[in-house]
Amino acid sequence: MGTLYQPLESTIQELKVTIHDTSLVFPSEKTQKKPMFLSNIDQVLNFDVQTLHFFPANSEFPPEIVTEKLRNALSKVLVPYDFLAGRLKMNHQIGRLEIDCNAEGAVFVVASSELTLKEIGDLVYPNPGFKQLVTQSIDHLEKDDKPLCIIQVTSFKCGGFAMGTSTNHITFDGTSYKIFLQNLASQAFDDKPLAIVPCNDRSLLAARSPPRVDFPHPELLKLEVPIGEELNPTVFETLQEELVFKIFKLNSSDISSLKDKAKDENAPHAKVTSFNTVTAHVWKCKALSFDVENNSERISTVLFAVDIRPRLNPPLPKSYTGNAVLTSYASATCHELEEWPFSKIVATVSKGAMRMTDEYARSAIDWGEFYKGFPNGEFLISSWWRLGFSEVEYPWGKPKYSCPVISHRKDIILFFPNIDDGISSNNDGVNILVALPAKQMEKFESYFHKFLLA
């Protein structure tokens, strides 16, 4: 039960990538120049997110054809996504970041690798070399002219290719990024309309006037700095530390076993979902592996994102393009996590998610009028598990695999999916990337397997 993920093939970190062309892509039609309001959730997410989408060779769509189709599709989607061709600016009069929708363009990069997809090795296993497949910055541009979206298409010797995107997190959360991909893919066809018309009205998540904080928000760290003052805030403090990383793999049978253990007649309202049960299992292992004295009395807090679109009253449109996730949390002492039945730990995670009502979400947004709302806890679960990027249908087919470009952080544990190999037990499973100091990792690994068998 539960295994360490081992790469199927050896991974090559030098991908021998050559950049052939870098250009700006502009909206295919004239767009209105205007400032775009950014919510308090958007304001604190000013960092870039890199994502990769690997496609196998398709004889009807060689890389040069794909490249032109994607370039044209990007130009088309920059009309409904006009902010993506804009630039991030500080409005000093109100002390807030906003997007200047000025049609300055997104960046499109054409590259090639001397390798085949097979030679690159296992796509699921995090490879530092994957960073070569995403252009993260354009050196010759001024800081104020930094694009919000960069797409790099890298062709491989076999005819397959990778589409790497770098987008400022202010532009999208996971849900709205998938919708962007669906729209990009739709415009790569010759005669398809947008898959989903995006809702760009971010004032839907504006703070109330006057702001009203009705709940304590221990999941948020108070930094009394005017919102938006720093252009590059970080979510967590990054400490230079020697970390080892491992990937723990749970298949559908492992998850079903955890869910069976989590069922409790005394907690009928607890949602025994796959996410809640895996989060509870990881939380217990992480908390108990902490290498400090008197760890049993220490309070451990796990953080995780909750999509507030359906939780607001009235609900946000599903097509809302901005960031509509807030941090929820579950807390317990390490002694409680060790002694509680697993069902109670899952119920505690479930309670954390259910806490995110319309009233609580509005209170958290209003809280951001006074402070920068950075997540405040022991560690954050970042889940790419069910985002479904590899389900997007392009003219040349679906991606073989989609994944983030990963940096190892001990305060962030990543959930990400398997490659779709046609075996449902694998497809329904999850990979869990953990980075910890060596001594702590030994304990985590021991607990991970022990608690699965308990």
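The values are calculated or read from the model by the stated rules, or taken from the named source; none is laboratory data. Note that the structure is predicted; figures quoted are calculated from it, not measured. Backbone-built Cβ (ideal geometry, glycine too); neighbour counts: all protein chains shown. These accessible areas exclude ligands, DNA and RNA; they are computed on the full protein's heavy atoms, side chains included. Shrake-Rupley method; radii C 1.70, N 1.55, O 1.52, S 1.80 Å.
General remarks:
- Rounded is the label for the range 220-453, because a/c, from the alpha-carbon gyration tensor with a ≥ b ≥ c as root eigenvalues, stays below 1.5.
- DSSP bridge analysis restricted to the chain gives an antiparallel fraction near 80%, rounded to the nearest 5.
- Listed peptides 251-260, 287-296 by packing density, highest first (mean Cβ within 10 Å): 251-260, 287-296
- Taking the charge dipole of the range 3-203 about its Cα centre, with +1 at Lys and Arg Cβ atoms and -1 at Asp and Glu Cβ atoms, the residue from S23, A111, G160 reaching farthest to the positive side is S23.
- FRET efficiency, A206 to K143 (Cβ-Cβ, R0 45 Å, nearest 0.05): 0.95
- Length released on extending from D260 to N91, taking residue separation times 0.36 nm less the Cα-Cα span: 55.6 nm
- Near N295, once Lys and Arg are set to +1 and Asp and Glu to -1 for all other residues with Cβ below 14 Å from its Cβ, the sum equals -2.
- By accessible area, using a 1.4 Å probe on protein heavy atoms only, the chain has 51% of its surface on carbon and sulfur.
- Viscosity 0.890 mPa s, 25 °C: Kirkwood-radius Stokes-Einstein D of the range 352-454 over Cα pairs, µm²/s: 143 µm²/s
- Label zone at I65 (point 7 Å along Cα-to-Cβ), backbone N below 15 Å, the range 173-188: 188
- Positive-end residue of F342, F374, L243, charge dipole of the range 220-453 with Cβ unit charges: F342
- Debye equation applied to the C-alpha atoms of the range 1-107, log10 I(q)/I(0) at 0.12, 0.23 Å⁻¹: -0.67, -1.31
- For the range 3-203, diffusion coefficient by Stokes-Einstein and Kirkwood Rh (Cα), 10 °C, 1.306 mPa s, µm²/s: 89 µm²/s
- Volume per residue that the Cα convex hull of the range 376-424 spans, once the total is divided by residue count, Å³: 106 Å³
- Amide N of the range 302-346 lying under 16 Å from the label point, which is placed 7 angstrom from the Cα of N295 along Cα→Cβ: 302, 332-340
- Backbone HN-Hα couplings from phi across the range 411-419 [Karplus 6.51/-1.76/1.60, Hz, Gly and Pro as x]: 9, 10, 10, 9, 9, 8, x, 8, 5
- Tail fraction, Cα-Cα pairs, the chain, threshold 31 Å, whole percent: 44 percent
- Nearby lysines by direct alpha-carbon distance to K222 (threshold 29 angstrom, same-chain neighbours under 8 apart not counted): K89, K143, K146, K284, K286, K351, K372, K410
- Candidate cross-link partners of K439 among the aspartates and glutamates, defined by an alpha-carbon separation under 12 Å and a same-chain spacing of 8 or more, comprise E242, D291.
- With the simple model of a label 7 Å out from the Cα in the direction of the Cβ, Q6 to C158 spans 2.2 nm.
- Among 71-82, 383-394, 356-367, the order from most to least packed when residues are scored by Cβ within 10 Å on average: 71-82, 356-367, 383-394
- Backbone amide hydrogens, once placed in the peptide plane, bring I308 within less than 5 Å of V325, L326, excluding anything fewer than 5 places away on its chain.
- The chain, accessible area per residue, ligands and nucleic acids excluded (1.4 Å, Å²): 45 Å²
- Full extension of the chain segment joining C199 with D428 gains 79.3 nm, where the gain is 0.36 nm per residue of separation less the Cα-Cα distance.
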